[in-house]
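What follows is calculated from the coordinates using simple rules that are stated; it is not laboratory data. Everything numeric in this text was worked out from a predicted model, so none of it was measured. In this analysis, Cβ positions are derived from the backbone assuming ideal geometry, glycine residues included, and neighbour counts consider all displayed protein chains.
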Ligand SMILES: O=C(O)CCC(=O)C(=O)O
């Protein structure tokens, strides 16, 4: 969305030498409303993200009130930091266990993740009167190694593509949901396949989720691990710099498993 071009005050002053503020930059006088003095900030709602992640009903209610009556709240960064650190340990542990299952030394994957990227996306899906006609999130796979997802309230909506149909995911109480991502598919030369998924919305209830994505470092080369390829011809993907691959990905629409297209060799059908 383009924004309205506004002349720079500094440039205007430099060009004309004016010594007063041009009217368009002045606050309208009828907007001279009182500013709350001390104590006003103490009322601003505070939401404990950590308790929210644990499914605490009171915290969920506090979040709801903050959104409904304020449109604003504070949340302690420490809680998010703690959650992300715990999830990172889980992701690293899962990747090490997967490597062992594949007969690869865990360090082979771990060393590509030194300085790796962990990113977090919090999703809020409002209820929709035409829920059966709208997409919460279009079908896609995740452009990472593993995603750990927390469904933060009781409302389901995530579906995975399985055997030509969409399978609704009903998280077990206290469970985190784990998606195999596209880069793991490439590292394993297709032995582990990323899961295509989408989100549908509810007609009456809002849904909240938090996805944490784990990727190799930006400088890592994304391509089949040599341990996963017996002969050079067996490689189902060409290798590419992770950063370059991401640029190609973000230039495209989210659509099924299209992340893999730029590096897929023609013989590969996965
Ligand atoms: O909200 C969900 O359950 C899934 C979110 C998701 O697929 C994503 O963030 O990529």
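Would you calculate, for the chain, the mean residue ellipticity at 222 nm contributed by helices, counting each DSSP H stretch of 4 or more residues as -39,500 (n - 2.57) and dividing by all residues, to the nearest 500? Each step should come with its number before you reach the end.
On the way: 7 runs with 69 residues, N = 270.
Helices in the chain give a 222 nm mean residue ellipticity of -7500 deg cm²/dmol.
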* With a/c under 1.5 counting as rounded, go ahead and sort region 92-132 into rounded, prolate or oblate using the C-alpha gyration tensor (a ≥ b ≥ c being the square roots of the eigenvalues; past the cut-off, prolate if a/b is larger than b/c, else oblate). => prolate
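Over all distinct Cα pairs, what is the inverse of the mean 1/r for the chain, reported as the Kirkwood hydrodynamic radius in Å? The partial results should precede the final answer.
On the way: mean 1/r = 0.0453 Å⁻¹.
So the Kirkwood estimate lands at 22.1 Å.
Ordered by packing density, taken as the mean number of other Cβ atoms within 10 Å over each peptide's residues, highest first, how do 117-124, 165-172 rank? Numbers along the way, then the final one.
Values: 117-124: 13.8, 165-172: 11.6.
Output ranking for 117-124, 165-172: 117-124, 165-172.
Among 54, 225, 63, rank each residue by its count of other Cβ atoms within 10 Å, from fewest to most, as a rough exposure measure.
The fewest-first ordering by Cβ neighbours comes to 54, 225, 63.
Would you mind giving the average projected area, over all directions, of the Cα convex hull of region 202-242 in nm² with one decimal? Working shown, then result.
On the way: hull surface 21.6 nm².
Its Cα hull, projected and averaged over all orientations, spans 5.4 nm².
Just order 182-194, 212-224, 98-110, 243-255 by mean Cβ neighbour count inside 10 Å, highest at the front, would you? Display every interim value, and only then the final one.
Numbers: 182-194: 22.7, 212-224: 19.5, 98-110: 14.8, 243-255: 13.2.
For the peptides 182-194, 212-224, 98-110, 243-255, the packing ranking is 182-194, 212-224, 98-110, 243-255.
For 125, 25, which order do you get if you count the other beta carbons within 10 Å of each Cβ and list the fewest first?
On the way: 125 20, 25 10.
Exposure proxy ranking, most exposed first: 25, 125.
Restricting things to alpha carbons, find the Rg to Rh ratio for region 1-150 using the Kirkwood radius for Rh.
On the way: Rg = 24.5 Å, Rh = 21.5 Å.
When Rh is taken as the Kirkwood radius, the ratio is 1.14.
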* Asked: Can you give the relative contact order of region 35-263 as a percent, counting alpha carbon pairs under 8 Å and 6+ residues apart?
  -> 22 percent
